[in-house]
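Values quoted throughout were computed directly from the atomic coordinates according to the rules given, and no laboratory measurement underlies them. On a predicted model such as this, the values are computed, not experimentally measured, just so you know. Cβ placement follows ideal geometry from the backbone for every residue including glycine, while neighbour counts extend to all protein chains displayed.
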Ligand code: F6P
């Protein structure tokens, strides 16, 4: 029987118990000492694949830890789970669906059947449609109502219909095609719409309404606002089809909105929103960087898919990163994980991985609905370095929490300015080094004495200067950001998240938790606008409704 139908209580497995015992034995493990004792530590705890280099030697692990973690992966049936994922088995049990984002990056000619139907021809048909549309726009053949070519594309979408495309199109800006600018409109906040629309001309703007469900409040409201704006700027209903296209699995709703059927790019229910940038949801990416580069992105992700399926777990990047996350989350009490890109173009990766990880693994019950008795997904946060060093890294270095971090950095900058890139790279490395080395009391005291400080002053200041160190991090180095390598990087994190869900026995592909807020939002809206007079379920919410009603004008 497939693993997801027999969810395990991972805490009862022998490997789990062995890891608990090992954790106790590792209480006094010192990374400093481990590096001094083993000159091969860097080589032994690093690997390279798909254009990415991973150094995971700055972790609270030794060879035995790795063996035990790999043992855990074996005991939960990870290999079988990986096969199930790629074969299109129903891994999303609560919604009765497979999770087949990996199919979107399979090459032409591959076969994959879902319910007896080979889905690959459809996947490539849509990719061809994307190619055709992008070609027409880039060649100036797709024209707006005044016969001028399109200069600006606005992706109206939120969550997975926004974060992935935004990450990739901005990360690959050096590959941008001339002539078309891409913008993103996500939130139901008039200010966002106002600021963006002020930069646009309706006659040369194409809106992509990007929504798998075509039922997302923010997206529908923004689409309506965009349509009203387009009409107010001089566009006509009759020519609306030249300015609005859609990506959705809900064709009927997109047609009802006024989008022509031939301008609706399909999606499938076997692609989750946060895994959808590889589908036609990636249209703004293809428009930004061209279809050839978009295909390179897919191909890079495919190489990571192969690595994930074939590499032994000890040399498998997503598996190792996932197991390290389990090690810290379940055995060291870590509640958070930082993603720290040292690259301007990659600055949005934290946001994308935040949705990917937290919406996937922010779960408390297993696939069969039984509650878990251990922690699951961590809080994913972070941001671009060096900026974070002057803001929140302080807590990473001296705070009371253990927060493992992933540093991501390219070797080559697209825009060398003097020696900035050497400094950027140096800072990235020195942060992980500082987290690992820390500063002992003796070192702090010596440093202060060397400055000629009086002994009383040394003793007063030394405790503040001590940095505990021994704080874990991974460093992912990319020689130079390219569509291929970025594809591999993002796919790697998708697989990392999947592996953790397998270990915990949870469903990484549903997101029921977001529904309650949406439901309650309707009642709150009705109370704000006078549609319902009966009070809200609780006094706090009602009080805040009253506050708004008493002050809101217009
Ligand atoms: O509300 C959460 C969510 O469903 C995400 O999972 C999804 O990525 C986002 O909303 C957008 O959904 P859609 O593409 O259907 O508009």
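For the reader, a short list of remarks on this structure follows.
- Length released on extending from residue 12 to residue 420, taking residue separation times 0.36 nm less the Cα-Cα span: 141.8 nm
- Residue 132-residue 480 FRET efficiency (beta carbon distance; Förster radius 45 Å; 0.05 resolution): 0.90
- For region 102-295, the spread of Cα positions along each principal axis, largest first, Å: 48, 33, 30
- Taking 0.36 nm per residue of separation and subtracting the current Cα-Cα distance, fully stretching the chain between residue 256 and residue 553 would add 103.7 nm.
- Set of region 43-87 residues, backbone N closer than 13 Å to the point 7 Å along the Cα-Cβ line of residue 332: 56-62, 65-66
- Coordinate range along principal axes, alpha carbons of region 428-500, Å, largest first: 57, 28, 12
- Prolate/oblate/rounded call for region 163-203, Cα gyration tensor, a/c under 1.5 rounded: oblate
- Relative to its Kirkwood radius, the Cα radius of gyration of region 471-521 gives an Rg/Rh of 1.16.
- Inter-centroid distance (Cα atoms) of region 208-231 relative to region 70-127, Å: 31
- Square roots of 5 times each gyration tensor eigenvalue, C-alpha, region 87-182, largest first, Å: 32, 17, 13
- Distance histogram for region 303-443 (every C-alpha pair counted, 5 angstrom bins, percent rounded to whole numbers): 2, 8, 15, 18, 20, 17, 11, 6, 3, 1, 0, 0
- Alpha carbon convex hull of region 139-214, volume per residue in cubic angstrom: 110
- For the chain, the Cα gyration tensor yields ellipsoid semi-axes of 42, 28, 26 Å (square root of five times each eigenvalue, largest first, whole Å).
- With R₀ set to 41 Å, the beta-carbon distance separating residue 433 from residue 224 gives a calculated FRET efficiency near 0.20.
- Computed from the Cβ-Cβ distance with R0 of 25 Å, the FRET efficiency linking residue 514 to residue 122 stands at 0.35.
- Rounded D (µm²/s) - region 1-139, Kirkwood Rh over Cα pairs, Stokes-Einstein at 37 °C, 0.692 mPa s: 170
- With each label modelled as a point 7 angstrom along the Cα→C-beta vector, the residue 147-residue 544 pair spans 5.4 nm.
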